[in-house]
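**Student:** Let me begin by handing over the structure; questions about it come next.
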Amino acid sequence: MKKVIVTGGLGFIGSNLIKILLKKKYLVINIDKVTYSSNFYNVKKFSKNKNYKFFKVDIINEKRILQIFEKYKPNCIFNLAAETHVDRSIDGPESFIKSNILGVFNLLQAFKKYIEKNKKSLLIHISTDEVYGDVLTGRSKEDDPYKPSSPYAASKASSDHLVYSYIRTFKIPAIITNCSNNYGPRQHPEKLIPKLIYNVFNNKNLPIYGKGLNSREWIYVDDHCEALVKIFEKGKIGNFYNIGSNLNLNNIKISKLLIRIAKTKVNVGRNVKIKYVKDRPGHDIRYALNSNKLIKNLKWKPKTNIINGLKKTFDWYLKNPKYYLALKKRDITVRLGTKIK
């Protein structure tokens, strides 16, 4: 039986990845420090699975991380532990530096020691398309320069550079992935799509930054997770892989699609209307990835179209109202990222 560690497994992508790994009969160890965005509801369906184990540990704790590595001897570590919300990084960059840079450094130190006796293990570091910065035309390739715009993106870019430096200097077996905007079940409602769904449920306006023209490449979370498994099985050590859907939609289009879907499933209140709000500082206009390397070399492709993905996402939140109970209302409703210190 293959054994894997998922860091940040109580979060959105991590919990969905664990779900898929368990279906594939992997032994999964979930390491999460349990922050505001962690939610035990995300793993409740498999928390008693005999192939699932959980440890409350921060990846900055090198000693404890190494102990877990040496005890369970994982074949792969999927590193999803990160602070990820751009607006929060504007209000308070320090936690992003600690988690996304210092945390990754300590994880790398532990992994470097672990592979001295376990050379067949692999580290997959999961990053973001935001490291490439504003891409007004074309699509970012793996060898394009990094031009991050937010403290969040800069901290992720730094972590990518750290991982690659350990690949080159210390010969650690690692791969770096950069994915486009994920959506789907179990995502914290501070992010756009679950925020809009939450507001539909509560008869509130749908806040859209600026003029709503910011374009993102949207990928359903299960498609991303299947790509990560494929990279574990067939990816080449030392490589970067972009993971995207090749589908860009701006925020207005996403909002209108969700309203249309909502009207087929619930009674939509009269306050559920698009409301344009003050833009956040440094807001990039467009992200877009070229994922041809992954598609051609590893024979992966996304399976979920945007309409079906949004329907499945909406249905999950509709059927799981208790998901919100573990979250502080303030973390859902209070606007962040408007102040510059």
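Quick note: the coordinates plus some simple rules give every number you see, no bench work behind them. None of these values were measured; they are calculated from a predicted model. Ideal geometry is used to build each Cβ from the backbone, glycine not excepted, and the neighbour counts take in all protein chains shown.
**Student:** Only helical DSSP H runs with n ≥ 4 go in: add -39500 (n - 2.57) per run for the chain, normalise by residue count and round the 222 nm mean residue ellipticity to 500 deg cm²/dmol.
**Tutor:** Result for the chain, helices only: -11000 deg cm²/dmol.
**Student:** Something else now. Quick check on the chain: of the DSSP beta bridges with both residues there, what percent are antiparallel, nearest 5%?
**Tutor:** Antiparallel bridges: around 10 percent, rounded to the nearest 5.
**Student:** To continue, here is another question. Give a quick list of trypsin sites (Lys or Arg not before Pro) in the stretch 109-162 that DSSP marks as loop, anything other than H, G, I, E or B, with at most 13 other Cβ atoms within 10 Å.
**Tutor:** LYS117, LYS119, LYS120
**Student:** Say we join alpha carbon atoms closer than 10 Å with springs in a Gaussian network model of the chain; which of SER47, SER149, SER37 then has the biggest fluctuation?
**Tutor:** SER47
**Student:** What is the ratio of the Cα radius of gyration of the stretch 282-330 to 2.2 N^0.38 Å, with N the residue count, to two decimals?
**Tutor:** 1.76
**Student:** Check the straight Cα-Cα distances from LYS253 and name the lysines below 21 Å, setting aside those fewer than 8 residues away within the same chain.
**Tutor:** Hits, sequence-local ones excluded: LYS191, LYS195, LYS204, LYS211, LYS263, LYS265, LYS273, LYS275, LYS278, LYS303, LYS311, LYS312.
**Student:** Rg and Dmax in Å for the chain, alpha carbons only: what are they?
**Tutor:** 19.2, 62
**Student:** Rg/Rh for the stretch 201-303: what does it come to with C-alpha atoms and Rh from Kirkwood?
**Tutor:** We get a ratio of 1.09 for the stretch 201-303.
**Student:** Let me ask something additional. Tell me the relative contact order for the stretch 205-311 as a rounded percent, counting alpha carbon contacts under 8 Å between residues six or more apart.
**Tutor:** It comes to 50 percent, rounded to a whole number.
**Student:** Further, regarding this structure: Within the stretch 190-255, report the trypsin sites (Lys or Arg not before Pro) that DSSP leaves as loop and that have at most 15 other Cβ atoms within 10 Å.
**Tutor:** LYS211, LYS236
**Student:** While we're looking at this one, here's another question. At what distance in angstrom do the alpha carbon centres of the stretch 92-130 and the stretch 296-329 lie from each other?
**Tutor:** Taking the Cα centre of each part, the stretch 92-130 and the stretch 296-329 sit 27 Å apart.
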